[in-house]
Each structure stands twice: as structure tokens, then as C-alpha cells.
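**Student:** Have a look at the structure that comes next, please.
Nothing in this text is a laboratory measurement; each read-out follows from the coordinates by a stated rule. Quick caveat: nothing in here was measured; it's all calculated off a predicted structure. Cβ: placed from backbone, ideal geometry, glycine included. Neighbour counts: every protein chain shown.
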Amino acid sequence: MPAATPEKPLDFIRQIVADDLKNGKHAQPVTRFPPEPNGFLHIGHAKSICLNFGIGVENHSPCHMRFDDTNPSKEETEYVESIKNDVNWLGFTWGDKLFYASDYFDALYDYAVRLIKMDKAYVDQLSAEEIRAYRGTLTEPGRESPWRNRSVEENLRLFEEMRDGKHTEGSHVLRLKIDMASPNINMRDPVIYRILFAHHHRTGDKWCIYPMYDYTHCLSDSIEGITHSLCTLEFEDHRPLYDWVLDTLQTPCHPRQIEFARLNLTYTVMSKRKLLQLVQEGLVDGWDDPRMLTISGLRRRGYTPSAIRSFCQVIGIGKKESWIDMSLLEDSLRDDLNPTAPRLMCVLNPVKLVIDNYPAGQSEMLTAHNHPQNPEMGGRQVPFGRELYIERDDFMAEPSKKFHRLAPGREVRLRYAYIIKCTSFISDENGEISEIHCQYDPATKSGLPGGERKVKGTIHWVAAETAFDCQVYLYDRLFAAPHPDADKDVDFKSHLNPNSRLLIEHAKGEPALKDVEPGQPVQFERNGYFSPDPVLSAPGQPVFNRAVTLRDSWTKG
């Protein structure tokens, strides 16, 4: 489990928790993470996970995992299992505090009967469209339903008939009787039960009526003894309803709902509905596509739990909506991987280089550092020979003044090896460079006396004879626009980045890359941080995903 206390000053929610403990209001905080199992979790959920479970870790207190499974038409066991895996992968656990809203269906039904007997709820026969029309607007009060003043006995009978499947979907609902003139539309007799003939992933066909979220959530919190019910800002207008239900029923436990700003991240969408649209329309390869900012997509791409937790700590918890730039998430991964990721060499866009004065048929093993800034990580042996591969971008036939890599008549150092000088090159009829010829200086071998001679450029390479031929996916941001769903008149999918994925079929890696396994991030020297794809890789044949570049390539200017 992640380490405890945050280093920076307490955010406003943690301050409330600390004050409640200091004042003796609670012996310990009890929080909960209540996802709806209708899709995979994304980076926005990670913020809530780190907040709710983080408060538990910091106070040695429980955080409940509770699935809000009240809509069986959209929920699947696959989503439940993926959510569990994601939370565990982020480093959190719930112990024996795993719950489902469906655990409370009997209790929620009994509470609804109590509300009917108190004349605080009634069965309505208005259609969904009529209910919306009767509800009024922000400037006009609503109108009472003609069914609002049924007798308690009739409401009890009709609600029982709803439970017994005697009415069709949409024909009857159960509504709270609050105030149709309330300035808060959420208080205008909200629906708390609807008829839904759908098989539930846990209760089967026992129920054909299902409670609504606002009604279910506050009572589930109360039943579980939650002390601080943490929600995003869109639930602020729902808080009066949360409190009304608990006050009216006089529940023994009345949690405090506190709202915080959700995560708004550039170059992505945070709507689960829109993410599902991308999946269903085949615009991505499933929920775990490495371009998706789902937790499973980030994991597959090569993100680490500690990087995501660090990102959530850096952005903090506040009350004001704001935008976080994607670069901050990417920087969190760079900062996390830089001290620990081994350095290996892989040429992504190879061109052959021949060292004409290196003896034909000869080869040698050179010592390379696994991490130049971390000697404790040791070194490895890298094969070297007469024919190598280098990056095509590391050679220019007609170099500019600021180009400090290989060019005709110019010298560069081969990483961990020798200084070479370009003597000639071969190009095809299209002007494409097909082969570069060089001379090497045997006295400039790295690590030996005389090998200290300085040149302006150092490039990486791979010996052609022993090169590991591998596939590499270069992933970039899924959307090219910073706010892809800002304009409601423009389809957000029109902003998809056409270059969000590039497959390199024949990258050339050093032999050590064969042994890298999924979950082991590495740095391809000068190219970025990469990790084997856990789905596409096979033993001894990793397929690499670029998790992040070495620097922000989206920075302008």
C-alpha cells in the first residue's frame, strides 16, 4: 500500500477530516469509492481513488469499495472485475470492505415503504417526458402531478404491484414528495424507483424495480457508517436531497457530503459515455487501448502506479474547476521512470552504417551502463562489429549549422564505443540514404586511456549481426485539440489525432531487449520510455509501446 502522509499542506477535505477527528466528532474517518460498473475507470477516477483511499491510508482507517450497481441494463461483471484490478494496481486495498448497492435492495425497498407511509413518497403515472415538462425550469416552478395526492394505501398497493412485475416499464415510478416550487430542481419530487425488466449481475431476476442513484447513494453511505461522502462538484446541487432523505428517515448515521473539483485534463475526454462511444465505434482497440486514458490503457501503455499517484498528489484537491495540462501527467511518468528505468539502445528508423577500417569478421563486446546516473544498477555487454544500424535522423547529407550529428566529413562518438568520421554515403534513385560509410579511430574507445577525446555529437547504434528485430508502437495523444469536446456543435471525434499511433515493424534493438518483460519499463536511449505490451508480447519477443517521450514534444515555440 502507498506511503501515508502527504508532504504538502492539507487540502480542504483533509483539513475537514482532521478537524472532525480533533474535535471528537469521529473516532476515525470512513470513506468510500462508489463506481458504477458500466465501463472502465479513467484517469479522472484515479483522482477520487487516491483521495478516498488515501485518507484511509493516512488515518489507518477503512475505505469502502462499493459498486453502485442499480442499473442492470448497462452493467457487466467484466466492469466490476476491471475496476477491482485497477484499484489494486494503483496500490490500494479494501480488505473486507467490499460492498454493492444491490446488497441493500431489500433495505432500500423497506425505506421506500416507510416514506410512502409517512406520505413522503407517491406512485406517479406520468411518462418520463411529462415528468420533465411538469418539473418546470430554472426560472419557473414545477407543477404537481395529478397523481401526487393519492392515498397512502393506494401508493402502497401500486408500489407493491410495481415490485411484483404487474406494470410495464415507464408506466409507473415512485417519487419523493418534496416541493415542486423549490428553486433547486433536484428537490422537485425526484424519482427514486423505476421499473426495469433486466437481469441483474448479482440479484438475477429477483427485482424488476431499481432505485435511483441519489436515493441509493445517501442510504448506502448511512448503512455503511460512512463519515465523509466525497463527491465531485456536479453533486453539489444534489446535497440538499442527500440530506433530506436521511433527515426525513432519521437514520442513525448521517454522513457529510463534501464536493471537490473533478479532474479536467487537456487533450482527452472524461465522459465515460464518450469513451464507450470510441470503443463501440472501433475508433480505439478496446477500453485498454494504450491511447485511452483509462487506467487499464495507461497500465498497458507503460504508466506506473506511482506516477499516477504522484500526478494526483501534484494536482491536489480544490473547490474550483480548472484545467490540468496533459504535460503534467506525462512529466509525472518521466519523473518516476528517470531514476529507475534501465537504459538500452534501440534504433527506431534504421539505416546501415559500415566502418570500412574495422576488420571484417571481427566483433567485440563493449561495456554499457544500465543507468549512467545510477552506478548501482551495473552494466551489460553490448556486441559491436563492422556493420551497425543508426537512426536515419542522425545523418544529414547536407547538414545545417546547428546539426551536430553525423554528416560527410564530420565526426561523432558512438555511444560506449568509438569516434567515427563519415567518408561517404550511398543513396537510391529517390535520394533516400541506404548506406553510410565511415572510418573509426581505434584510440578513442570509451573507458580506455585516449578515449576521452571530445566531439560535439554522440549517437546510439546497434550491431547489425546481432540486432534484435522488434515491433515498436509509438503512441501519442489521442486527440489533437486541447479541448476536444468544448464545442457542443462539433463532433468531438473530429479532433482525433491521426498520428496517435505509429507502428514500426522492424526496429533494431540490442540483444538485451529480448529479455524485457511486460511491467518492466526501460528507456530507449534518446528515444523515450518504453514498455512491452502485455497483450501483444510473447516470451522472448516483446512488442514495445512508447509510454512517453523524453521531453514534451507538444510544447510550442
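**Student:** Based on the Cα atoms of segment 105-212, what semi-axes does the equivalent ellipsoid have, where each is the square root of 5 times one gyration tensor eigenvalue, given in whole Å with the largest first? Don't skip to the answer; put the middle values down first.
**Tutor:** Values: eigenvalues 116, 45, 32 Å².
Over the Cα atoms of segment 105-212, the ellipsoid semi-axes are 24, 15, 13 Å.
**Student:** What dipole magnitude, in Debye to the nearest 20, does the chain give about its Cα centre under +1 on Lys/Arg Cβ and -1 on Asp/Glu Cβ? Don't skip to the answer; put the middle values down first.
**Tutor:** Numbers: 67 positive and 80 negative charges, 265 e Å.
With only Lys, Arg, Asp and Glu charged at Cβ, the dipole is about 1280 debye.
**Student:** Quick one: net charge around Gly142, please, counting Lys, Arg +1 and Asp, Glu -1 for every other residue with C-beta under 12 Å from its C-beta.
**Tutor:** Working: positive: Arg132, Arg135, Arg143, Arg148, Arg175, Arg188; negative: Glu130, Glu140, Glu144, Asp179, Asp189.
Result for the local shell: +1.
**Student:** Below 11 angstrom from the Cβ of Arg32, what's the summed charge of the other residues (Lys, Arg +1; Asp, Glu -1)? The partial results should precede the final answer.
**Tutor:** Numbers: positive: Arg66, Lys97; negative: Asp68, Asp221, Glu224.
Around Arg32, the surrounding residues sum to -1.
**Student:** Expressed as an acute angle from 0 to 90° and rounded to the nearest 10, what is the orientation of the C-alpha long axis of helix 305-315 relative to the principal long axis of the chain?
**Tutor:** Value to nearest ten degrees: 70.
**Student:** Using only Cα atoms, tell me the angle between helix 43-59 and the longest principal axis of the chain; keep it within 0 to 90° and round to the nearest 10.
**Tutor:** 80 degrees
**Student:** Would you please give the residues with an amide H less than 5 Å from that of Arg343, counting only those at least 5 places away or on a separate chain, with H modeled from the backbone geometry?
**Tutor:** His371, Gln523
**Student:** From the P(r) of segment 261-398, can you give the percent of Cα pairs sitting at distances over 19 Å? Mind showing how you got there, number by number?
**Tutor:** Numbers: 6551 of 9453 pairs.
Result: 69 percent of Cα pairs exceed 19 Å.
**Student:** Which lysines, on any chain, are close to Lys454 with Cα under 23 Å apart, when same-chain ones fewer than 8 places away are left out?
**Tutor:** Lys454 reaches Lys401, Lys402, Lys421, Lys445.
**Student:** Once you keep just the Cα pairs under 8 angstrom separated by 6 or more residues, what percentage relative contact order results for the chain?
**Tutor:** Values: 1058 pairs, mean separation 62.3, N = 557.
For the chain, the relative contact order is 11 percent.
**Student:** For every other residue with a beta carbon closer than 11 angstrom to the beta carbon of Lys445, add +1 if it is Lys or Arg and -1 if Asp or Glu, then tell me the sum. The partial results should precede the final answer.
**Tutor:** Working: positive: Arg413, Arg453; negative: Glu364, Asp441, Glu452.
Within the 11 Å Cβ shell, the charges total -1.
**Student:** Which lysines have a Cα less than 22 Å from the Cα of Lys47, not counting those fewer than 8 places away in the same chain?
**Tutor:** Straight-distance partners of Lys47: Lys8, Lys84, Lys97, Lys272, Lys274, Lys319, Lys320.
**Student:** Also: What distance in nm lies between label points placed 7 Å from Cα along the C-beta direction at Met270 and Asp491?
**Tutor:** 2.6 nm
**Student:** Related question: Roughly what angle does helix 105-117 make with the longest principal axis of the chain, taking Cα atoms, 0 to 90 degrees, to the nearest 10?
**Tutor:** 40 degrees
**Student:** Which whole number in µm²/s is D for segment 464-557 by Stokes-Einstein, with the Kirkwood Rh taken over Cα pairs at 10 °C and 1.306 mPa s? Let's see the in-between values first.
**Tutor:** Numbers: Rh = 15.0 Å.
In µm²/s, the coefficient is 106.
**Student:** In addition: Sticking to Cα atoms, compute the Rg of the chain to one decimal and its Dmax as the biggest Cα-Cα distance, whole number, in Å.
**Tutor:** Values for the chain (Cα only, Rg and Dmax): 30.5, 101 Å.
**Student:** When only Cα pairs under 8 Å and 6 or more residues apart are kept, what is the percent relative contact order across segment 27-72? Walk me through the numbers on the way to the answer.
**Tutor:** Details: 53 pairs, mean separation 26.3, N = 46.
Value for segment 27-72: 57 percent.
**Student:** Tell me which of Ile436, Phe492, Ala467 sits at the most positive position along the dipole axis of the chain, charges placed on C-beta atoms (Lys, Arg +1; Asp, Glu -1).
**Tutor:** Value: Ile436.
**Student:** I've got another one for you. Quantify how much of the Cα-Cα distance distribution of segment 346-460 extends past 22 Å, in percent.
**Tutor:** Roughly 33 percent, rounded to a whole number.
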